[in-house]
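The values are calculated or read from the model by the stated rules, or taken from the named source; none is laboratory data. Owing to the predicted nature of the structure, the values given are computational and were not obtained by experimental measurement. Neighbour counts are summed over all protein chains in view; Cβ atoms, including those assigned to glycine, are modelled from backbone coordinates with ideal geometry. Accessible surface areas use protein heavy atoms only, side chains included; no ligands, DNA or RNA. Shrake-Rupley method; radii C 1.70, N 1.55, O 1.52, S 1.80 Å.
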Amino acid sequence: MKTVPVLQENDVVCLLSPASAFADDTLLETSVRALEDLGFRVRVFASAKDKNGYLASDDEVRAADVNRAFADDEVRAVFCTRGGYGCMRILPLLDYEMIRAHPKPLIGLSDVTALHLALYEKAGLRTLHAPMPFRYPELPKAAMQRLKSLLTGQNEATYTKEDGLFTIRVGKAEGEMLGGNLTLVTCLLESEYLPDFTGKILFLEEVGEEEYRIDRLLTTLALSGRLDTLGGIVFGGFTDCGREEKIREILFSCTPKHIPVLGGFPAGHLQNNHAFCEGARVTLDATHATLYFHPHEEE
């Protein structure tokens, strides 16, 4: 597994759109300024400036931008402009062996879940499940500091009840944490791009889905057998998904009874959106509602 290089001030980073485009063109300017404020030099790739209906540009353009970003050794990190829809469409067009040979952080969430999981599975790459740059000006201080720490290679952190964590099912487990948006994880079932979750800690979050749809998505994962061999589950934000008490009931009833399950991790479609490294080793203690991220170790 490749631990991505750390970033330094004045490094070159790029902005690209692997899925949908901004509806508001000023958000691209906001993204560039946010990265420049972090001390980076920013290159804006073609896909970030294009629109093709609900996609940012043609599949070939979006995929070529991702391949180009990884092939260019001067580009030290790949920032996605936004999610939306479209990352799954470009998965067959990516050069995973080339990407494996040029590891670097890829930053995003939501629809970018498809890229996170595919790059882990096909290229052995750890990426960053993190807010997009246009969100940085509104991120709380602690969330922004967590992102900066991860970009500079500092993975160790502990989250507790004070951070919003709560017990769904007691127990303790240790393993690599992987995942992202619930819909995207479910959509990748039976594809070659979904990793083997055996022994893993699965992270899931969602936005804008009704209660019965959350139930249906989790039940689909359960029926696939993919949840049975997990080490544990960490749920993040379920924003605009119905009544909080009902969502908690669904998260309990639709998950295996033999694994620990933790809720309330501050990641997902939240203002207080904390980044984490896909594939990072964690210790989940659902009994005491804590989640510990271990320091990186090259494997």
Exposed-loop-free span, longest in the chain, where trypsin sites (Lys or Arg not before Pro) count as exposed if DSSP calls them loop and at most 12 other C-beta atoms lie within 10 Å
1-242
Find the accessible area per residue for the range 63-143; the probe is 1.4 Å, ligands and nucleic acids are left out, and the unit is Å².
31
Computed over the chain: longest principal axis from alpha-carbon atoms vs helix 26-37 long axis, angle to nearest 10 degrees, is 90
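Order the following by accessible area, largest value first: Ser224, Ser57. Probe radius 1.4 Å; ligands, DNA and RNA are ignored. Spell out each step's value before the answer.
Numbers: Ser224 50, Ser57 0 Å².
From most exposed to least exposed: Ser224, Ser57.
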Residue-wise HN-Hα coupling along the range 64-71, computed from phi with Karplus coefficients 6.51, -1.76, 1.60 (Hz; x: Gly, Pro):
4, 5, 5, 4, 5, 4, 6, 6
How would the range 81-131 be classified by its alpha-carbon gyration tensor: rounded, prolate or oblate, with rounded meaning a/c under 1.5 and the a/b versus b/c comparison settling the rest?
oblate
Are there GluC sites (Glu not before Pro) in the range 128-178 that DSSP marks as loop and that have at most 14 other Cβ atoms within 10 Å, and which are they?
Glu156
Of the GluC sites (Glu not before Pro) in the range 193-233, those whose Cβ has at most 14 other Cβ within 10 Å and which sit in DSSP loop
Glu210
In the range 1-125, lysine pairs 8 or more places apart or on different chains with C-alpha atoms under 26 Å apart total 4
If you filter the range 73-133 for GluC sites (Glu not before Pro), then keep DSSP loop positions with at most 15 other Cβ within 10 Å, what is left?
Glu74
Reachable aspartates and glutamates from Lys161, Cα under 14 Å, same-chain residues fewer than 8 places away excluded?
Asp285
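Over the range 1-151, what is the mean sequence separation of C-alpha contacts under 8 Å (at least six apart), divided by residue count, expressed as relative contact order in percent?
Working: 298 pairs, mean separation 43.9, N = 151.
Computed value for the range 1-151: 29 percent relative contact order.
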Which entry in (i) 49; (ii) 40; (iii) 74 is this structure's computed percent of Cα pairs over 26 Å apart?
(ii)
Size of electric dipole in the range 99-221: Cβ of Lys, Arg +1 and of Asp, Glu -1, about Cα centre, debye, nearest 20:
520
So, with +1 on the Cβ of K and R and -1 on the Cβ of D and E, and no other charges, what is the size of the charge dipole of the range 164-299 about its Cα centre, to the nearest 20 debye?
440
Could you please state how large a percent of the accessible area of the chain is carbon and sulfur, counting protein chains only and using a 1.4 Å probe?
47
